[in-house]
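Chemist: To start, I am sharing the structure in question, which I have written as structure tokens.
The values are calculated or read from the model by the stated rules, or taken from the named source; none is laboratory data. All of these numbers come straight from a predicted model, not from anything done at the bench. Ideal geometry is used to build each Cβ from the backbone, glycine not excepted, and the neighbour counts take in all protein chains shown.
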Amino acid sequence: MFDRKNTGFTDAESCTKQLPRHGLAKSCPMVIQIDRPFILISLSRQNLSLIVDGTPAVEFPVSTAANGPGEQTGSQCTPRGWHLVRAKIGAGYPVNTVFRGRRPTGEIYERGLEDRYPDRDWILTRILWLSGLEPGKNRLHSVDTMRRYIYIHGSPDNTKMGIPASHGCIRMHNPDIIDLFDRVPTGIRVRIIE
């Protein structure tokens with residue numbers, strides 16, 4: 001169930017009277033316009049919600065980092081805080097298109113491919129590449145979400161959702177990532193909470 005208290009808006013709302021409604025603010029965690037849709041990812045619930053007009057328009061199960069929450073480069077943890085979708089990758093490609101380095105490999109995922117490459121971290125179908133919005137927390141230096149290549153992305157059909165198992169990214173079933181990808185624009189804000 002959606003819990004408005006955990007979105008981080010309470011602190012931001014108290015700042016909006018004194019500060020502009022855009023950009024980064026030093027005196028508050030983040031000032032985000034509440035009237036705009038955003039993505040909310042709960043690490044404890046292992047789900048992703050697209051919030052529109054203050055309520056979930058859609059919700060999907062996800063799988064986040066097996067190592068839990070964290071922002072450090074090399075930690076293989078899922079970063080917390082405010083982000084935005086910096087890039088949308090994969091529009092028009094077939095379901096199960098394999099991506100490496102954000103480029104299609106020309107392969108279409110199937111079980112035999114996984115048997116040949118058992119150690120690959122499969123990034124399939126669509127990618128929403130995240131960029132942190134909070135300097136020192138999830139942006140710049142050793143905590144930069146974008147430089148850590150943290151994505152919301154599709155996964156093999158046999159990937160279990162609701163269980164933390166990724167290397168830091170947010171994994172989704174392919175039909176779900178296509179649905180989300182088609183609903184959201186580049187630049188949409190993303191809040192990742194514990």
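Chemist: Of the conditions (1) under 27 Å from GLY136 (Cβ atoms); (2) of a type outside the set (Phe, Trp, Tyr); (3) at pLDDT below 95, VAL62 fails just one. Which one is it?
Modeler: (3)
Chemist: State which residue is nearest to HIS167 (Cα to Cα) when the search covers only the stretch 32-67 and only residues that are of a type outside the set (S, T, N, Q), in a loop (DSSP other than H, G, I, E, B) and in contact with a Pro (Cβ under 7 Å, 6 or more places away or on another chain).
Modeler: Narrowing the stretch 32-67 to residues of a type outside the set (S, T, N, Q): 32, 34-41, 43, 45, 48, 50-54, 56-62, 65-66.
Among the residues that remain, those that are also in a loop (DSSP other than H, G, I, E, B) are: 32, 34-37, 43, 45, 53-54, 62, 66.
Remaining after also requiring in contact with a Pro (Cβ under 7 Å, 6 or more places away or on another chain): 43, 66.
On the way: LEU43: 14, ALA66: 7 Å.
Among those that are of a type outside the set (S, T, N, Q), in a loop (DSSP other than H, G, I, E, B) and in contact with a Pro (Cβ under 7 Å, 6 or more places away or on another chain), it is ALA66.
To keep it simple, each residue is scored yes or no on (1) closer than 15 Å to CYS169 by Cβ; (2) charged (D, E, K, R); (3) free of Cβ contacts under 8 Å to residues at least 24 places away in the same chain.
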site	(1), (2), (3)
ARG102	yes, yes, no
ILE108	no, no, yes
GLY112	no, no, yes
THR125	yes, no, no
TRP129	yes, no, no
LEU140	no, no, yes
VAL143	no, no, no
MET146	yes, no, no
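Chemist: Further question on the same structure: For residues in the stretch 96-111 being charged (D, E, K, R) and surrounded by 14 or more Cβ atoms within 10 Å (Cβ to Cβ), which is farthest from TYR151 (Cα to Cα)? Give the derivation first.
Modeler: Quick first cut of the stretch 96-111, residues charged (D, E, K, R) only: 100, 102-103, 107, 110-111.
If we keep only those that are surrounded by 14 or more Cβ atoms within 10 Å (Cβ to Cβ) as well, we get 102, 107.
On the way: ARG102: 10, GLU107: 20 Å.
Checked the stretch 96-111; the qualifying residue farthest from TYR151 (Cα to Cα) is GLU107.
Chemist: Within 16 Å of ARG191 (Cα to Cα), out of contact with any strand residue (DSSP E or B) (no Cβ under 6 Å at 6 or more places or on another chain) and in contact (Cβ under 8 Å) with a residue 40 or more places away in the chain: which single residue out of PRO61, PRO135 fits that description? Spell out how you get there, then give the answer.
Modeler: Details: PRO61 fails: out of contact with any strand residue (DSSP E or B) (no Cβ under 6 Å at 6 or more places or on another chain).
The match here is PRO135.
Chemist: Return only the number of the condition from (1) assigned to a strand (DSSP E or B); (2) of a type in the set (A, V, I, L, M); (3) surrounded by fewer than 19 Cβ atoms within 10 Å (Cβ to Cβ); (4) without any contact (Cβ under 8 Å) to a residue 40 or more places away in the chain that ALA87 does not satisfy.
Modeler: (4)
Chemist: What pairs can you find where one residue is in the stretch 154-171 and touching a residue at least 40 places away in the same chain (Cβ under 8 Å) and over 19 Å from VAL190 (Cα atoms), the other is of a type in the set (Phe, Trp, Tyr) and surrounded by 17 or more Cβ atoms within 10 Å (Cβ to Cβ), and their Cβ atoms are less than 7 Å apart, with a gap of 6+ or different chains?
Modeler: Hits for this filter: SER155/TRP122; PRO156/TYR109; PRO156/TRP122.
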